[in-house]
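Coordinate-derived values only; no laboratory data. On a predicted model such as this, the values are computed, not experimentally measured, just so you know. Glycine also receives a Cβ, built like all others from the backbone with ideal geometry; neighbour counts cover every protein chain displayed.
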Amino acid sequence: MFEDIPVDVGIIYEGERIRGRDMQLELGGPRETYKFELVQAKPMDEVEDGKMTIVGKDIKELPEGTNTPFGMIIDVAGAEIEKDLEGVIERRLHEYVNFIEGFMHLNQRYDIQMRLSKKSYQKGFNSFNHLGTVLLRLYKSEMPFIEKMQITFITEPAKVEEWYPRAMGLYEARDARARGMSDDEVDVFYGCSLCQSFAPTHLCVITPQRYANCGAISWFDGRATAKVDPKGPVFEIPKGALIDPVKGEYEQVNKVIRDKSLGEIERVQLYTAFGYPHTSCGCFEGCAFYIPEVDGYGVVHRNYKSKTVNGLDFVTISDLTAGGRQVDGFHGLSIEYMRSPKFLQADGGWDRVVWMPKDIMDRIKEYMPPEIVPKIATEESVQDLDGLKKWLREKSHPIVGRWKAEEEKPKEAAAPQPAQQQAQQFPMAGFTVPTMELPAGALPAAMLQGLPQGVTLKIILKNAKIRAERVIIRAEKE
Amino acid sequence: MANRNVKLKFDELSSTLGTFKGLEIQIGRIMDEEWEEPMGPTPMPSVSTLRSWDRKLLNRYKPFYMPFCDLCCLCTYGKCDLTGDKKGACGISMPAQQSRIVLLACCIGAATHAAHGRHMLNHLIQEFGKDTPLVAALNTNVEAPHVRLVCGIKPQTIGDLEEALDYVETQIVQLVAAAHTGQEGDNIDFESKAFHAGMLDHVALEVADLMQIATLGLPKGDPEAPLAELGYGTINPDKPVIMCIGHNVLPSVDIIDYLMDHDLFDQVEVGGLCCTAHDMSRYNKRSKIVGPISWQLKFIKSGIPDLIVVDEQCIRTDVMDQAKLIGVPVLATSEKSCLGLPDRTHDPAEAVVNDLISGRSPGALVTEPRKVGEIAVKTAMAVRKRRGEKKLVDLGDLKEIASKCRTCMECIRACPNTLPIMDAMTAAKEGDYGPLAELNDLCVGCGRCESACPADLPILTMITQASKDQLVNEKYPIRVGRGAIQDVEIREVGSPIVFGEIPGVVALVGCANYPAGGGDVAAIAEEFLKRRFIVVTSGCSAMNIAMTRDEEGQNLYEKYPGNFDAGGLVNVGSCVSNGHITGAAIKIANIFAKRPLRANYEEIADYIYNRVGAVGVAWGAMSQKAASIAAGCWRLGIPVVVGPHGSKYRRMLLGDQGKEEDWKVFNARDGQEVYVGPAPEHLFYAAETLEEAMVMIAKLAMRPNDTSKGRAVKLSHYIDLHKKHYGAMPDDLHLFVRRGQDVPFTMKDEIMKILEAKGWVEDRIASPDPTLLDRMVRRRE
């Protein structure tokens, strides 16, 4: 497939790093302001398949050790290609460029850094045409829906600079469209059963407003993946009739879940942590967890190593919810989903979130309602539940309003409390008082039956020896 | 949590139920069920409990015997010749006899680790109290996966581990008994028992290492554990040198403590050999690691040590003779290895020191670690003073010594690796010491050449002297053994494993009986690190990995991070740390899939076998301990590759890739029995060459559960290594490609052509939710 390319191409080169002193050429990177890679979907007649254009100097014309501004524009066309697939196609670049022996690719979009090693250059990899040929073949081999592809490489600094703002504008438009897209606009969601190899009853439902739990698959990714591998683990779910718009429940989704979970899971509501929450696999990025003491939610992610505000760490929380189970009070999630307007929608959304690690807050702050940001506590502001309650009152977090409402309501209307969580928070205070039950037949039945009413039985054991093989003390739960 | 033999006595007890006089209650065992997980099906399995699981594996991987010895000479009927179809006087057949020896080796190995663990337990409970919390690693809830899995208990204190060890010990007795003349007669049942010994071994390993981690302040699963120094050249011979050899760190800990308490650490060099060295560096990174087991004899012969302290396992049994040659005393510290020395445990330290310094005693047995600390330091300092300036080995003119060589080739015949010793002698006769020096890296340091030499040439010492310049510069950094893998790391690699971005876990473990030097282990490690496998290591292998540098002078510990992730190089520590490697596989099953762990061996093993692409590699496996460690992997469904000397373990466990009926599993989703191809193809494989091993490792990382992407990645590595080392495409690709998406798309054209030629049909090889256990099938109500 790559016999005419001077170097080898394969997955095995993916982890290769090229250090400064081994480098023939660096494209983009931190020293260059202007750099980008861009995939554009075009009408069929605007793309000339296989065409490669180099604007500026080619690799062999750039002296050893050069660092240059760089732009790469890939135009694709095909009957099944939609604008929405641009991002998905573009992100493959990272992988594909890294497949080339002696070629390294870091980051994406306007932040790219690519390096070619001296060794590969000496082997004859001295033109962007080699790079283009590899990309063309890899794309067409893995994504057969790409019917035509043309690539433009730009090293001419003025041209890169000229293109740069256009590329930025296109990324922005793409992001705005992705973030603005709602579940209602589409007819199909995507299901991903990849994690069933670990959690056989788990299925991720991926919608425009709910990323897969792992954070790796958006609705667009799902769409592309299902096209690439129709028999693969990512598949279309026609969403069917809407049962509950707030909780996010759909007739067809339920049917597919029942089927794929082998009947274990009957219903799923996408935007709540209670009732029929979406299950969690084993590789979710984070988890929202209910804190009964304040009637709100905490959120924690995988990289948070300390204990959360209620004393549980991520490991414990994930143990409580992972494995394709529906556990009330837990909502496995991806960080991206927290940017969705439907995040925990049925439970009150951001108004119910009371605590999260600072790291996540910094990452998603601009997508949170601005008024709630200063009211949500982090590990820097509070350390325990008492501190949290104080903080929430001081900051007039909307949750405080719920407390007042709760206090006025009759007791039994209190929100349900997940049993497992309770057990974690209130470890057994002590042993229950042991009671003794005599096994059936231990005393002659006649003795008991013949007793007149009101007479109690008194047993006197003298020099009795009781020997037990083992005694099991078990904490009983309600 | 568990209390045993509780006795309560009441003279008189009044209650609403009644009055009890002279009531005595005796309870065998109180179990405090704070652990919510219900008890699984096989708590503390007895010898035959998991027999049906073993037979499932052994039916696929049949023992392929390579009798290292054709005779049985265990009873007085013998010797019995078992060649051909002959049976022994007791009726035993050749296959049964070979498997019986495998069982015995595994029992010795498991017993050694269990005894090591018992010594740790008794001593450390006495020192720290049995209620010392059992903290294994940071960010970790599943602190003792093997103990939970096998015993069904959840230890929370170090005292809780005793129950696990009691169980292991009682089972080993049963197993050894099965090897008596006139007991077990079936080869497969012998094999099953060897698997049982392996499983017990990993429980013992875990107990032993957790004991020291929890009490001695060893790193707790820290990926950034510090770098320590390794190599011959790290020892300053001008200082008094205490050399600790073996596997049990307790005496060394007290030597280090004594040095710290008396502010002497800067004045005395403490160096370790073999696993004791690992654990010393885990305790205090300032202690030095001299090297693996193969450095033992060479380092003693160098004359650098002023005192040799031996604890247990892998110590030269002729250490007394060797010490005598360089004129230094020996301290034996374990009842398991008394070396004929007088027991001076209860004598005043000063008296022992004086006898050792003066040479009145060539050595002493002192089994109390604290006392060892004091005696060792004082003796080494005085001996150093007594020995004066001259320390390093100097045989004088090597040319003159070599001239006595009769070129009889006895040395070459005695050498396990047939090294060209005689040629080196011949060159030395001419004053060319280069060939002698070159032997140093290849030599496993067994010393058999010296014993064999009719001219009594000190061959090993000559090699050491010839490579002196090289040896004094031998200094390498090594990542200190970190212990267990954290739960969070396990979770972190979950998604890349699912998506196939991590093609497998390669565990490079075991001894240093390499066919061509330790450089091979470093080569394997680097090959798979570059390919972004997770590489885990321990023991002598972990040391040898440190001893190879690239052109820029960096070794793999400097180049690769220490976390359990793609492209990470994880040194878990000593031999007893090996339990953490299999423990990580168990945790993958438990933490991702939430498969119940408690006393649920079969299901977890089935999970690992079908899904976790882990491969054990013991390139220089030598000991019985290595055998039992391997056996523990087999029962968990983890294939093991050994070097050429590994065939002396008497049999391999090989699958037959052409026998389709052998490679069927149940699809847990619908109960159908389907063909999944030969993955993994073998359970125990001795590779003849390094190249063969590398190809095999990549191949054995495949599992029936691989996703298409995962299989494509794994196939890429298999094909690439095969092409690199055999110069051609593998001819069994059609057995591993299930559907078009499995084909690495960078090689699509080439592979599709091969598949076509082989008559490959898409989806004939299934990709089910695989299990060997009928009961794991989820059937709809």
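Averaging Cα coordinates gives a centre for the range A:271-346 and one for the range B:275-294; these two points are 44 Å apart.
Could you tell me which of rounded, prolate or oblate describes the protein assembly as shown, using a ≥ b ≥ c as the square roots of the eigenvalues of the alpha-carbon gyration tensor, with rounded for a/c under 1.5 and, failing that, prolate when a/b is larger than b/c and oblate otherwise? Note, shape of the protein assembly as shown comes out oblate. Seen through its C-alpha gyration tensor, with square-root eigenvalues sorted a ≥ b ≥ c, the range A:265-307 comes out oblate because a/c lies at 1.5 or above while a/b is not bigger than b/c.
Computed extension length for B:ARG764-B:ASN417: 120.4 nm, one decimal, from 0.36 nm per residue of separation with the Cα-Cα distance subtracted. Peptides B:268-274, B:639-645, B:228-234, A:17-23 ranked from most to least packed by the mean count of surrounding Cβ atoms within 10 Å: B:268-274, B:639-645, B:228-234, A:17-23.
Within 9 Å, Cβ to Cβ, of B:GLY579, how many net charges do the neighbouring residues add up to if Lys/Arg are +1 and Asp/Glu are -1? Here the charged neighbours net out to -3. Extending 7 Å from Cα along the Cβ direction at B:ASP469 and again at B:LYS336 yields two label points whose distance is 4.2 nm.
Among residues other than A:LEU333 with Cβ under 10 Å from its Cβ, the summed charge is -1 (Lys and Arg +1, Asp and Glu -1).
Taking a 28 Å limit on the Cα-Cα distance, which of the listed pairs B:LYS659/B:LYS699; A:LYS390/B:LYS587; A:LYS247/A:LYS404; A:LYS148/B:LYS530; A:LYS83/A:LYS358; A:LYS305/A:LYS390 fall beyond it? Those over the limit are A:LYS390/B:LYS587; A:LYS148/B:LYS530; A:LYS83/A:LYS358. Full extension of the chain segment joining A:ASP386 with A:GLU48 gains 115.0 nm, where the gain is 0.36 nm per residue of separation less the Cα-Cα distance. Taking the fewest neighbouring Cβ atoms within 10 Å as the starting point, the ordered list for A:ASP187, B:ASP662, B:ASP520 is A:ASP187, B:ASP662, B:ASP520. Where both bridge residues fall in chain A, DSSP classifies roughly 70% of the beta bridges as antiparallel. With a ≥ b ≥ c taken as the square roots of the eigenvalues of the C-alpha gyration tensor of chain B, please select rounded if a/c is under 1.5 and otherwise prolate if a/b is larger than b/c or oblate if it is not? In terms of gyration-tensor shape, oblate. Estimated purely from DSSP H runs of n ≥ 4, each contributing -39500 (n - 2.57), the mean residue ellipticity at 222 nm for chain A is -8000 deg cm²/dmol once divided by its residues. The modelled label-to-label distance for the pair B:GLU688/B:PHE64, using points 7 Å beyond Cα in the direction of Cβ, is 1.2 nm. FRET efficiency for the B:GLU36 to A:GLN122 pair, using the beta carbon distance and R₀ = 51 Å, is estimated at 0.25. Using a simple spin-label model with pseudo-atoms 7 Å out from Cα toward Cβ, B:ALA728 and B:ALA89 lie 5.2 nm apart. Would you give the gap between the C-alpha center of the range B:714-763 and the C-alpha center of the range B:231-252, rounded to a whole Å? Answer, in whole Å: 51.
With R₀ set to 41 Å, the beta-carbon distance separating A:LYS57 from A:ASN303 gives a calculated FRET efficiency near 0.45. Across the range A:38-66, the residues whose backbone nitrogen lies under 19 Å from the label position 7 Å along the beta-carbon direction of A:ASP4 are A:48-54, A:59-60.
Under 20 Å from a label point set 7 Å out along the Cα-to-Cβ vector of B:ALA516, the amide N atoms of the range B:616-639 belong to B:617-622.
What angle do you read, to the nearest 10 degrees and between 0 and 90, between the alpha-carbon axis of helix A:86-99 and the longest principal axis of chain A? It works out to around 80 degrees. Helices of chain B meeting both criteria, an alpha-carbon length of 27 angstrom or more along the long axis and an average Kyte-Doolittle score not below -0.5, with helices taken as full DSSP H segments, are B:94-128, B:187-216. Among beta bridges identified by DSSP and lying wholly in the range A:11-180, the antiparallel ones come to about 55 percent. Using the Cβ of B:VAL493 as centre and a radius below 10 Å, the other residues enclosed give a net charge of -3, where K and R count +1 and D and E count -1. Here the calculated FRET efficiency for B:LEU71 and B:ASP186, from their Cβ-Cβ distance with R0 = 25 Å, stands at 0.75, rounded to the nearest 0.05. Run the reach check for B:LYS220 against aspartates and glutamates, Cα to Cα strictly under 15 Å, same-chain hits fewer than 8 apart removed. What comes back? Leaving aside aspartates and glutamates fewer than 8 places away in the same chain, those within reach of B:LYS220 are B:GLU143, B:GLU206, B:ASP209, B:ASP279, B:ASP487, B:GLU489.
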